[in-house]
There are 2 protein chains.
Amino acid sequence: MTVTAPRGFRAAGVTAGLKASGKPDLALVVNDGPSKAAAAVFTSNRVAAAPVHWSRQVVSDGRVDAVVLNSGGANACTGPAGFQNTHSTAEKVAKVLDISATDVFVCSTGLIGEQLPMDKILPGVEAAAAALSADGGPEAATAIMTTDSVPKAALFIGTDADGEEFAIGGIAKGAGMLAPGLATMLVVLTTDAAVDAELLDVVLRDATRVTFDRADSDGCMSTNDTVVLLSSGASGAVPSAEAFGAGLTQVCAELARKLIADAEGASHDIAIRTFNAASEADAETVSRSVARSNLFKAAIFGKDPNWGRVLSAVGTTDAVFEPDQLNVAMNGVQICRNGSIGDDRGLVDLEPREVLVEIDLQAGDAEATIWTNDLTHDYVHENSAYSS
Amino acid sequence: MTVTAPRGFRAAGVTAGLKASGKPDLALVVNDGPSKAAAAVFTSNRVAAAPVHWSRQVVSDGRVDAVVLNSGGANACTGPAGFQNTHSTAEKVAKVLDISATDVFVCSTGLIGEQLPMDKILPGVEAAAAALSADGGPEAATAIMTTDSVPKAALFIGTDADGEEFAIGGIAKGAGMLAPGLATMLVVLTTDAAVDAELLDVVLRDATRVTFDRADSDGCMSTNDTVVLLSSGASGAVPSAEAFGAGLTQVCAELARKLIADAEGASHDIAIRTFNAASEADAETVSRSVARSNLFKAAIFGKDPNWGRVLSAVGTTDAVFEPDQLNVAMNGVQICRNGSIGDDRGLVDLEPREVLVEIDLQAGDAEATIWTNDLTHDYVHENSAYSS
């Protein structure tokens, strides 16, 4: 159920020696075609890593032949030397695969502000190329892990109007930037459906907008976040934009939930659903403001259904609502009604890992959900260790 | 050095019984004139507490005769009954002091979403009125404490153009919203200078903009934050707007620093100074984005001079800068130069409690500083305890 489940792809994951632990740290995903169509979305952080700058250019013509990813170093804030290292990595991949460097997409994840050890990266690329196989997806999923506790993958199988089967597979790493060293979210998606680059771009943006963009672990934005989607067309299936988009959104949603569920130090997975909003943007703004309240997140860690902290976060937004018409439910208990005291908060059970907060703005019929985590001792611990 | 240092004021702090601990929890500050001029600033949270709604009306005519403050309950999100309780408290103060209820300013702090125990508040008002004295300021400073570990006060002494001496005194409570139950910042400032309400309003807004507004402990905004300034005119001094404003800003800055220094659970006081910015707004935006990065704050707790987390926060703003021209120094060591690796980060000493982060945008000549704290285990602990 990874990037090699769709036909037309090979992958590998090897140990290049970037991680002190000796665990796999370099992955390669190759599209054998016949199509090489691709699309990608990147972090909107203006301080973007060298591989982000490089890969933006690579994908700009809608073609990607291979993706090389390393953990153990973000190659961010590394100046011209860092960009040169990304370039050299792409050149090396191009050479061993006999393709053009301008079709090699590069991703990096790890500590910001350190140069990559190219004496380990370049031999690693050779080893990865030699290890490429049509069932190498799981090894690639493992090699991109940083503080992830488990590799993350997802798969969707669909059919086009003619009954031809196609697959969309994905691997992901990261913990919504919850992990040490500002762990980046990297996602590689593959499909054997025949979809041109233009449509890939449209459906990828639509899918990420309502999935990865709504997983907000700690409000921090990485310098390296990247989601790339490759189409081999090897199935011959030509699904409609709707059918393909629905499948892609399902894969992205599953990966996003797995990222949040594996967030460093979290003890609760929290869905914050705002409904009866005047607009979807309002609903997202309100949910995100609550997701970013440290006071709210610490309360959930303490199993305290502190709806006052929800309302105080809602009150900082410019969404359409009247303060005396806000309703808040937590795990099904209506603890705030019309901006004031509702049902007994003692009825709220916060023992389960899953928490659902529902905010009723009474201002319209739009809704949106943001997924986040609680703020725990382990979060502070994981993110305060020296030289992480 | 409190609110009773300036002439023309009496104050008291008593135990009304709102706090389970039996500590003082009700304060009264009375302006005996001859002037009763006043101004105030309030939280911009749209979910504002009942006393905020009440006191906004009270001060709208520029006159306040007395301020009553309770700890042990925020009276926020308490509906019409909550507003009635604020009204009753003001009526009680008016009755015992023989003044108008519409000149009684009310402040509350404590847990959101609980009704105040009026059977304790009303006798508490009587006791406070009976205890009023010209040296009662320290008792008032103590009675407004919630999770504060020490009472906070400040004093400025100046002279007008004729050599007449005037004083500005202040008391404050709160920990920049770092404390359990969303501890509010409440500040009462008094002066015996003769300043009319209009000028009080102008200088108070100017002073709070560059002091309290730039103390950002955890990015959360309270439902109750209030700063009120009373002038008795009892000194006869008539300082210029500049002289009075400078003194007021000094008092506010001292109180703001004391709030940050006493923030719950903090182990580092962090000043984030952004300079060479295209505008003061840009500088403030950049400093605040870093102050609100949990990853950065956890790194400082871990004594890790992680400048990558500074840059990644800066990169989320729309301030004018080029990513490859950013410089960052931490406690005097230039660890990031032109967006890339600078001096050895091992040279940065983060053992001291005071941390200075300096961000050079190389985009102009404006600057601003935001004061914040690190993110610690104690923060999580303090804010996750049940029913806090």
Review point. Among B:K19/B:K173; A:K19/A:K258; A:K23/A:K152, which pairs are too far apart, with a Cα-Cα distance over 20 Å?
Key: A:K19/A:K258
Exercise for review: Considering the options B:V30, B:A243, B:V195, tell which one lies farthest towards the positive end of the dipole of region B:9-261, charges being +1 on Lys and Arg and -1 on Asp and Glu at the Cβ, about the Cα centre.
Suggested key: B:V30
Review point. Using the Kirkwood formula over every pair of different C-alpha atoms, what hydrodynamic radius in Å results for region B:269-384?
Key: 13.9
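Near B:S293, within a Cβ-to-Cβ distance under 14 Å, what is the net charge of the other residues, with Lys and Arg +1 and Asp and Glu -1?
Net charge around B:S293: -1.
Are there trypsin sites (Lys or Arg not before Pro) in region A:282-365 that DSSP marks as loop and that have at most 15 other Cβ atoms within 10 Å, and which are they?
Values: sites: A:R288, A:R292, A:K297, A:K303, A:R309, A:R337, A:R345, A:R353; in loops: A:R292, A:K303, A:R353.
Within region A:282-365, the qualifying trypsin sites (Lys or Arg not before Pro) (loop, at most 15 other Cβ atoms within 10 Å) are A:R353.
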Exercise for review: State, to one decimal in nm and shortest first, how far the label point of A:D162 sits from each corresponding label point in the other identical copies (label point: 7 angstrom along Cα-to-Cβ).
Suggested key: 9.9
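Take each uninterrupted DSSP H stretch in chain B, measure its Cα extent along the helix axis, and return the ones at 15 Å or beyond whose mean Kyte-Doolittle hydropathy is at least 0.5. Intermediate values should be presented prior to the final figure.
Numbers: long enough: B:79-97 (28 Å, -0.30); B:118-131 (19 Å, 0.75); B:197-209 (18 Å, 0.25); B:241-261 (29 Å, 0.75); B:280-291 (16 Å, -0.29).
Helices meeting the criterion: B:118-131, B:241-261.
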Point to revise | Fraction of beta bridges assigned by DSSP in region B:269-384 that are antiparallel (%, nearest 5) | key: 70
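Report the net charge of residues surrounding B:V328, where surrounding means a beta-carbon distance below 9 angstrom and charges are Lys +1, Arg +1, Asp -1, Glu -1.
Details: positive: B:R337; negative: B:E358, B:D360.
Net charge in that neighbourhood comes out at -1.
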Check your understanding: Got the relative contact order for region A:4-139 handy, in percent, Cα pairs under 8 Å and 6 or more residues apart?
Key -> 35
Review point. Relative to the other copies, what are the label-point distances for B:S44, with labels 7 Å from Cα along the C-beta vector, expressed in nm at one decimal and sorted shortest first?
Key: 2.0
Revision key, fill the gap. Here region B:137-154 yields Karplus 3J(HN,Hα) values (6.51, -1.76, 1.60; θ = phi - 60°; whole Hz; Gly and Pro given as x) of x, x, 5, 5, 4, 6, 5, 8, 5, 10, 8, 4, 8, 9, x, 10, 8, 8
Practice item. Give the percent of DSSP beta bridges with both residues in the protein assembly as shown that are antiparallel, rounded to the nearest 5. Key: 70
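Given only helices, namely DSSP H runs of n ≥ 4 each adding -39500 (n - 2.57), what is the per-residue ellipticity at 222 nm of chain B, to the nearest 500 deg cm²/dmol? Each step should come with its number before you reach the end.
On the way: 10 runs with 120 residues, N = 388.
Result for chain B, helices only: -9500 deg cm²/dmol.
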Study note, to complete from the structure: Scoring region B:9-261 by relative contact order with C-alpha pairs under 8 Å, at least six apart, yields a percentage of 26
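With a 1.4 Å probe and all protein chains left in place, how much accessible area per residue does the protein assembly as shown have, in Å²?
Working: 25740 Å² over 776 residues.
Ligands and nucleic acids excluded, the figure is 33 Å² per residue.
Say R0 is 35 Å: what FRET efficiency, to the nearest 0.05, do B:M118 and B:S44 get from their beta-carbon distance? Write out the running numbers ahead of the final one.
On the way: r = 29 Å, r/R0 = 0.82.
That pair, B:M118 with B:S44, gives E of 0.75.
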Practice item. May I ask you to report, in nm to one decimal and beginning with the shortest, the distances from A:D135 to the same position in the other copies, taking label points 7 Å along Cα-to-Cβ? Key: 8.8
Point to revise | Most mobile listed residue (B:G342, B:G169, B:G265) in chain B, GNM with C-alpha springs under 10 Å | key: B:G342
Review point. Which log10 I(q)/I(0) values, to two decimals, does region A:9-261 give at q = 0.07, 0.14 Å⁻¹ under the Debye formula with one point per Cα?
Key: -0.20, -0.83
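Rounded to the nearest 0.05, what FRET efficiency do A:H87 and B:A281 have when you use their Cβ-Cβ distance and R0 = 56 Å? Working shown, then result.
Numbers: r = 38 Å, r/R0 = 0.67.
FRET efficiency, A:H87 to B:A281: 0.90.
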Study note, to complete from the structure: Mean-square fluctuation maximum in Gaussian network of chain B, Cα pairs under 10 Å, restricted to B:E165, B:E139, B:E264, hits B:E165
Point to revise | Karplus (6.51, -1.76, 1.60) ³J(HN,Hα), θ = phi - 60°, over region B:223-232, in Hz, Gly and Pro reported as x | key: 7, 10, 3, 8, 10, 10, 10, 10, 10, 9
Check your understanding: Among A:A253, A:A81, A:A153, which one moves the most in a GNM of chain A with springs linking Cα atoms closer than 10 Å?
Key -> A:A81
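Chains B and A: how much accessible area gets covered up at their contact, both sides added, probe 1.4 Å, in Å² to the nearest hundred? Mind dumping the intermediate values first?
Numbers: alone 15080 and 15120 Å², together 25740 Å².
When B and A are taken together, about 4500 Å² of accessible area is lost.
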Check your understanding: Roughly what % antiparallel, to the nearest 5, for the DSSP beta bridges in chain A?
Key -> 70
Revision key, fill the gap. Loop-resident GluC sites (Glu not before Pro) in region B:43-126 with no more than 16 other Cβ atoms inside 10 Å, DSSP not H/G/I/E/B, are none
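In debye, nearest 20, what is the charge dipole magnitude of the protein assembly as shown about its Cα centre with +1 on Lys and Arg Cβ and -1 on Asp and Glu Cβ, if you could check? Walk me through the numbers on the way to the answer.
On the way: 54 positive and 100 negative charges, 200 e Å.
The calculated dipole for the protein assembly as shown is roughly 960 debye.
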Exercise for review: Rank A:S21, A:T208, B:T226 by how far each Cα sits towards the positive end of the charge dipole of the protein assembly as shown (+1 on Lys, Arg Cβ; -1 on Asp, Glu Cβ) and give me just the farthest.
Suggested key: A:S21
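Net charge within 12 Å of A:T184 by Cβ-Cβ distance, Lys/Arg positive one each and Asp/Glu negative one each, not counting A:T184 itself?
Numbers: positive: A:K173; negative: A:D148, A:D225.
Charge balance near A:T184 sits at -1.
Between A:V150 and B:D365, what's the calculated FRET efficiency when r is the beta-carbon distance and R0 is 35 Å? Round to 0.05.
Numbers: r = 51 Å, r/R0 = 1.45.
Efficiency for this residue pair is about 0.10.
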Practice item. Place +1 on the Cβ of every Lys and Arg and -1 on the Cβ of every Asp and Glu in region B:87-190, take the dipole about the Cα centre, and give the residue among B:A101, B:I112, B:T146 whose Cα lies farthest towards its positive end. Key: B:I112
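Note the per residue figure in Å³ for the convex hull of the C-alpha positions in the protein assembly as shown.
Numbers: hull volume 111.1 nm³, N = 776.
Value for the protein assembly as shown: 143 Å³ per residue.
Run the accessible area of region A:344-388 with a 1.4 Å probe and give the carbon-and-sulfur part as a rounded percent. Please list the in-between numbers first.
Working: 960 of 2000 Å².
Carbon plus sulfur share of accessible area: 48 percent.
Give, rounded to the nearest 20 debye, the magnitude of the charge dipole that chain A has about its Cα centre when Lys and Arg contribute +1 at Cβ and Asp and Glu contribute -1 at Cβ.
Working: 27 positive and 50 negative charges, 225 e Å.
It comes to approximately 1080 debye.
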Review point. What list of ³J(HN,Hα) couplings, whole Hz, do you get for region A:318-327 from phi and the Karplus terms 6.51, -1.76, 1.60, once you set θ to phi - 60° and write x for glycine and proline?
Key: 9, 5, 6, 5, 10, x, 8, 10, 7, 10
Review point. Looking at the P(r) of region B:104-147, how many percent of alpha-carbon pairs lie beyond 16 Å?
Key: 51
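The values are calculated or read from the model by the stated rules, or taken from the named source; none is laboratory data. Small disclaimer: the values here were computed from a predicted structure and weren't measured. All Cβ positions, even for glycine, are placed from backbone atoms using ideal geometry, and neighbour counts span all protein chains on display. Accessible surface is based on the protein model in full, side chains and every heavy atom, while ligands, DNA and RNA are left aside. Shrake-Rupley method; radii C 1.70, N 1.55, O 1.52, S 1.80 Å.
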